[in-house]
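Below is one structure, written out as structure tokens, with a few remarks after it.
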Amino acid sequence: MGYALQQLINGLSLGAMYGLIAIGYTMVYGIIGMINFAHGEIYMIGAFLSVLTYVLCTALGVGPTPLVLLAMLFASITFTALYGWAVERIAYRPLRGAPRLAPLISAIGMSIFLQNYVQLTQGARIKSVPPLWQGGVTLWSADDFRVTFGWAQLTVVLVTLIVMAGFAWMITRTAFGRQQRACEQDPKMAALLGIDVDRTISLTFIIGAALAAVAGVMTVLQYGVIDFSIGFIAGIKAFTAAVLGGIGSVPGAMLGGLLIGFVEAFWSAYLSPEYKDVATFSILVLVLLFRPTGLLGKPDVEKV
Amino acid sequence: MTAAALPAPSPLALRLRDALVITVLGGLLALPFIGLVTVEEGGALAVRTRWGAWAMTLVAIFLGRLAFRAALDAWRSRKPSHKSAAFSSTDAVLRRAAGTSLLAVALLLPIFFADNRYVIDTATTLGIYVMLGWGLNVVVGLAGLLDLGYVAFYAVGAYTYALLSTQFGWSFWAALPVAGALAALFGILLGYPVLRLRGDYLAIVTLGFGEIIRIVLLNWTSFSGGPNGIGNIPRPSFFGLPFARSAEGRTFHEFFGLEFSPMHRFIFLYYLIVALALLTHALVSRLRVLPTGRAWEALREDEIACKALGLNTTTVKLSAFATGAMLAGFAGVFFAARQGFISPESFTFSESATILAIVVLGGMGSQLGVVLAAAVLVVLPEVGRQFADYRMLVFGAAMVTIMAVKPTGLLARREPTVRLNPSRSSAP
Amino acid sequence: MTPLLTVDHLVMRFGGITAIDGLSLQVPHGAITAIIGPNGAGKTTLFNCLTGFYRPSAGRILLHEDDGSERDLTRLKGHRIAREARIVRTFQNIRLFGGMTVLENLLVAQHQALARASRFALAGLLHTPGYRRAEREAIELARRWLAELGLTAFADTPAGALPYGTQRRVEIARALCARPRLLCLDEPAAGLNPRESAELKALLTALRDAHGLTLLFIEHDMSVVMNVSDHVVVMNFGRKIAEGPPEAVRRDPEVIRAYLGEEDEEAADA
């Protein structure tokens, strides 16, 4: 019982990160109808930036931990968003209306480029930083087993909740949110009504990258260990989360992220940690096989 | 209205301003990765600055942007004169000539480098990549399906031969068709659920599948030897004659009355891959002009129109996918036999990425282009370490650039599979 | 006139929208039937149901076979409608295989016969006489339709490089190569100049008279509709509002209201 509860907490904080990355996939898919294969690398860049900021803060003697966290979030979000914007401008915008394979290949090329770029500039070795927070709240203890909600995990869940709330507000209440949804529905009509579609698409990439950056910071906070290749598997899992939740649906991405987090935590704990990636991948294939629209997605009518 | 009164900025000023803007943005992007670096010092990370490298990056971006714009403008202004829509037959003649000379070089290479194991080895590696490139070309270039886990089928072939030969004593030639069939079966099993859906899903599922195969091979130790791999894989023999100094039966050099040389085996392996690659080429070129191949290309062009004409698009996709997988399986058998040792290390995503880069850079659908791209990708890293390090970086960037500048690759120069007026064609 | 196709209380819903709402109609054998109606009336949706791209929410689509039996097309998978029921269509926004030549486009349309002759590509790989004959016949059929539609000169040109009006004709030629029993054309006159439009009219009548084909087409160009069709079905809001010979339909008050309703209001305002 206690063990299961602990896995629930682990799954929750893991799923929060997948959910944040998955939103980037789902938003980009919603607006330009393609998978942004470079999104996993954007997340990896976010994680590298937050390690850099962390180390800089330590070197400069920046004080209390919450300030360090804020600095990490700020620096990571700013630069990662810039990368997200640049990826769209360089790899996708020139390809509007190109054969359908072209943007996919361009995306893969971008992904290969970014991964090698970080490897070459920052080295192939693992980067590890000491935990920002140690300890946590003990929720339950029996005999010799304790269920703890680590401070880092708690921060991850809280920050994700705040970011999600802000994001939900932006999508439903602001002018950008309306324009974003309008472009998703019908980009041509949106353009006719005076919406700058290119700008909206750019902003979508920027926001997706910013959320991935938050996920990167959370990874550093929770595990403290990253390397240049983390974007690859995290990308596949977050994409699985997006498909599971229903691609194109933002709440679906969050739900899918949480489910994938739970599956991974429980699978690792009860079955075999080596095959946890196989488990999430099998979910992807099963969802595509039996419910391609995902849990919250709308049916995709083929336009003829 | 007021803007019209101002003198228009000169093209050079515009170009400089554009390059400056790009440099500022690029400099910002590069700052945390090139300007700063985290290094391990005394067990903890520390930040080091690299202002020199950063400044050089800025200069490189500025000059690169100027050169890129100039090249792009030149290329675009050249375009109208080149706009002949009909397929030119001189082009076909040129390509045929290039193909023939490449074939001659391939066949004569061991004569000139009979004692140079390094050259023969590199050429053999090149042969494997050409074969893999031609196989993936069926899937990506002809059928227009993006397969990001192609290396998985290569692994299926390699492990099939490794296990059949070490566990059951199968010979290379017996294992070859079985491994190809098994790889094709994997392709069908994986493709069936996914190929009915959008193309992007196929890409991500194959990406995941490639990774899964690697994880399974890494962890299922009793089956695959885990990270230690499988060793002592028998080398192919020359129709039963082994390449050894001495053996129970007759050896290759005894049978032909030659003096024993270890080079015999390397040269034999080289000719074997050349033969396999040529077989692949013959198969793919022939399939292309058959209904199957035309259906693949039609699928790439417009899936909905295919359905409206009564083509079962799932079958068409599966046939392309399975054909590609089978060819990768063949290449895998050869790889295992040549190395004598295989482990999951050889089947990572970066291998899939390399093969895809070969197909994309070669111009999707072009068989000759694949050879040239494979040569660049395999031979350049041999020339110098710096090429090896920057290889994937450059090819990633090249994939993006090619898609932006000429997304159809070399498709514009596609040779028709059939002509109504064959007299106008130079091809017999 | 005996019907070739009967649409029986067809309903097509997308989420909350009902694009086709209990539509019934008959397509007479060996005649030209036009479907007209304002934008959004559900015409293309009807085509998508007929050709298996959409599975109708309710209702039946019956094909009357020569032997008098009926076949329910709503149970047939998309690609099998073209293959077995031999209902072949063109698209409003031309869908050619742009990178392939016109002749190749026409051969893809004959994929069934060719693929059967190539026996899973085996006979084709071996270049057997049987396959060679099948290929010759396929090229011959393509050559005949190319000649009939005046496209012979473009046979070896990539379809995507041709002018718009020519592409429309190539798409029709390609559909004809699939040996259709019912040819469905989605706005064949859209984007054509007057000369091309006149050629189209001649082509449609020739297909009916000389080749005995049954045609069903969606069109906004009333001169084409009134000139060539034997039977006109008018749709609005997913329903049939009128049906009959062109002259009768032209005078139908319901039709005039559907088409000119807004102008009437404007006139009243003035």
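The values are calculated or read from the model by the stated rules, or taken from the named source; none is laboratory data. Since the model is a prediction, treat every value here as computed from it, not as a measurement. Every residue, glycine among them, receives a Cβ derived from its backbone with ideal geometry; neighbour counts consider all protein chains shown. In case anyone asks, the SASA skips ligands and DNA or RNA and just uses the protein heavy atoms, side chains included. Shrake-Rupley method; radii C 1.70, N 1.55, O 1.52, S 1.80 Å.
Considering (1) under 20 Å from A:TYR29 (Cα atoms); (2) away from chain B (no Cβ under 11 Å); (3) open to solvent by 40 Å² or more (accessible area, probe 1.4 Å), the lone condition that A:PRO292 does not fulfil carries the number (2). Any residue that is within 10 Å of chain A (Cβ to nearest Cβ), out of contact with any helix residue (DSSP H, G or I) (no Cβ under 6 Å at 6 or more places or on another chain) and in a helix (DSSP H, G or I) - is there at least one of those in region B:360-375? Scanning region B:360-375 turns up no residue that is within 10 Å of chain A (Cβ to nearest Cβ), out of contact with any helix residue (DSSP H, G or I) (no Cβ under 6 Å at 6 or more places or on another chain) and in a helix (DSSP H, G or I). Taken as a whole, region C:89-110 holds at least one residue that is among the hydrophobic types (A, V, I, L, M, F, W, C), in contact with a strand residue (DSSP E or B) (Cβ under 6 Å, 6 or more places away or on another chain), modelled with pLDDT of 90 or more and not assigned by TED's automatic domain parsing to the domain that holds C:GLU196. Within 30 Å of C:THR90 (Cα to Cα) and in a helix (DSSP H, G or I): is that true of B:ILE304 in this structure? Against the criterion (within 30 Å of C:THR90 (Cα to Cα) and in a helix (DSSP H, G or I)), B:ILE304 qualifies.
Has region C:143-157 got any residue that is outside the structural domain of C:ALA198 (by TED's automatic domain parsing), part of a helix (DSSP H, G or I), hydrophobic (A, V, I, L, M, F, W, C) and closer than 22 Å to B:THR313 by Cα? Within region C:143-157 (the criterion being outside the structural domain of C:ALA198 (by TED's automatic domain parsing), part of a helix (DSSP H, G or I), hydrophobic (A, V, I, L, M, F, W, C) and closer than 22 Å to B:THR313 by Cα), the answer is no, since none of the residues qualifies.
Table: residues versus (1) open to solvent by 10 Å² or more (accessible area, probe 1.4 Å); (2) away from chain B (no Cβ under 14 Å); (3) over 18 Å from the mean Cα position of the chain (by Cα).
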| position | (1), (2), (3) |
| --- | --- |
| C:VAL7 | no, yes, no |
| C:GLY15 | yes, yes, yes |
| C:THR18 | yes, yes, yes |
| C:ALA41 | no, yes, no |
| C:THR45 | yes, yes, no |
| C:ALA58 | yes, yes, yes |
| C:ASP66 | yes, yes, yes |
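Kindly indicate whether C:ARG143 is open to solvent by less than 30 Å² (accessible area, probe 1.4 Å) and within 9 Å of another protein chain (Cβ to nearest Cβ). Spelling it out, it is not the case that C:ARG143 is open to solvent by less than 30 Å² (accessible area, probe 1.4 Å) and within 9 Å of another protein chain (Cβ to nearest Cβ).
Being surrounded by fewer than 24 Cβ atoms within 10 Å (Cβ to Cβ) and touching a Lys or Arg at 6+ places or on another chain (Cβ under 7 Å) holds for only one residue in B:GLY293, B:GLY257, B:GLY340, and it is B:GLY340. Please indicate, with yes or no, whether at least one residue in region C:165-177 is basic (Lys, Arg) and part of a strand (DSSP E or B). Within region C:165-177, none of the residues are basic (Lys, Arg) and part of a strand (DSSP E or B). If the condition is being more than 7 Å from chain B (Cβ to nearest Cβ), closer than 23 Å to B:ARG419 by Cβ and open to solvent by less than 10 Å² (accessible area, probe 1.4 Å), then region C:90-119 contributes C:VAL102, C:ASN105, C:LEU106.
Is it the case, given these coordinates, that A:GLY252 is surrounded by 21 or more Cβ atoms within 10 Å (Cβ to Cβ) and not in a helix (DSSP H, G or I)? Spelling it out, it is not the case that A:GLY252 is surrounded by 21 or more Cβ atoms within 10 Å (Cβ to Cβ) and not in a helix (DSSP H, G or I). Summed over region A:130-146, the residues that are out of contact with any strand residue (DSSP E or B) (no Cβ under 6 Å at 6 or more places or on another chain) and either within 14 Å of chain B (Cβ to nearest Cβ) or over 11 Å from A:GLY2 (Cα atoms) (or both) give a count of 6. For region B:301-342, residues that are within 21 Å of the chain's Cα centre (by Cα) and of a type in the set (Val, Ile, Thr) total 3.
Does any residue of region B:222-235 turn out to be open to solvent by 50 Å² or more (accessible area, probe 1.4 Å), in the same structural domain as B:TRP134 (by TED's automatic domain parsing) and at pLDDT 90 or above? Checking region B:222-235: not a single residue is open to solvent by 50 Å² or more (accessible area, probe 1.4 Å), in the same structural domain as B:TRP134 (by TED's automatic domain parsing) and at pLDDT 90 or above. Restricting to region C:78-104, name every residue that is assigned to a helix (DSSP H, G or I), closer than 19 Å to B:THR313 by Cα and more than 17 Å from the chain's Cα centre (by Cα). Correct list: C:GLU104 only. Of the residues A:LEU60, A:LEU82, which is at pLDDT 90 or above, farther than 30 Å from B:GLU297 by Cα and either open to solvent by 20 Å² or more (accessible area, probe 1.4 Å) or touching a His at 6+ places or on another chain (Cβ under 7 Å) (or both)? After applying the criteria, what remains is A:LEU82.
Every residue, every condition in (1) β-branched (Val, Ile, Thr); (2) at negative phi; (3) surrounded by 14 or more Cβ atoms within 10 Å (Cβ to Cβ); (4) modelled with pLDDT of 90 or more, yes or no:
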| position | (1), (2), (3), (4) |
| --- | --- |
| C:ALA198 | no, yes, yes, yes |
| C:LYS201 | no, yes, yes, yes |
| C:VAL232 | yes, yes, yes, yes |
| C:ASP264 | no, yes, no, no |
| C:ASP269 | no, yes, no, no |
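Filter region A:30-57 down to the residues that are open to solvent by 30 Å² or more (accessible area, probe 1.4 Å) and touching a residue at least 60 places away in the same chain (Cβ under 8 Å) and list them by number. A:ILE32, the sole residue that qualifies. Residues that are under 21 Å from B:VAL418 (Cβ atoms), touching a Gly at 6+ places or on another chain (Cβ under 9 Å) and more than 9 Å from every other protein chain (Cβ to nearest Cβ) are absent from region C:76-85. Put simply, of A:ILE171, A:ILE207, A:ILE195 the only residue that is away from every other protein chain (no Cβ under 14 Å), open to solvent by less than 40 Å² (accessible area, probe 1.4 Å) and not in a helix (DSSP H, G or I) is A:ILE195. Just one of (1) hydrophobic (A, V, I, L, M, F, W, C); (2) within 25 Å of A:GLN7 (Cβ to Cβ); (3) open to solvent by less than 60 Å² (accessible area, probe 1.4 Å) fails for A:LEU158. It is (3). Restricting attention to region C:205-219, the residues being open to solvent by 30 Å² or more (accessible area, probe 1.4 Å) and either without any contact (Cβ under 8 Å) to a residue 12 or more places away in the chain or at negative phi (or both) number 6. Going by the conditions given, is A:LEU67 surrounded by fewer than 24 Cβ atoms within 10 Å (Cβ to Cβ) and either away from chain B (no Cβ under 11 Å) or at pLDDT below 90 (or both)? Yes: the conditions hold for A:LEU67. Residues of region B:206-255 that are hydroxyl-bearing (Ser, Thr, Tyr) and assigned to a helix (DSSP H, G or I): B:THR206, B:THR221, B:SER222, B:SER224. Being out of contact with any Phe, Trp or Tyr (no Cβ under 6 Å at 6 or more places or on another chain) and open to solvent by 60 Å² or more (accessible area, probe 1.4 Å) is the requirement here; does A:GLU274 meet it? When the stated conditions are applied, A:GLU274 passes them. Annotation note: Cβ proximity below 8 Å between a residue of region B:394-407 that is facing chain A (nearest Cβ under 7 Å) and a residue that is outside any helix (DSSP H, G or I) (sequence gap 6+ or interchain) occurs for B:MET403/A:ALA98; B:PRO407/A:ALA98; B:PRO407/A:PRO99. Among what's in region B:59-93 and is closer than 26 Å to C:ALA153 by Cβ and surrounded by 11 or more Cβ atoms within 10 Å (Cβ to Cβ), pick the residue that is modelled with the lowest pLDDT. Once the filter is applied, the top-ranked residue is B:ALA85. The condition of being surrounded by 13 or more Cβ atoms within 10 Å (Cβ to Cβ), modelled with pLDDT of 80 or more and within 28 Å of A:ILE108 (Cβ to Cβ) holds for B:LEU132.
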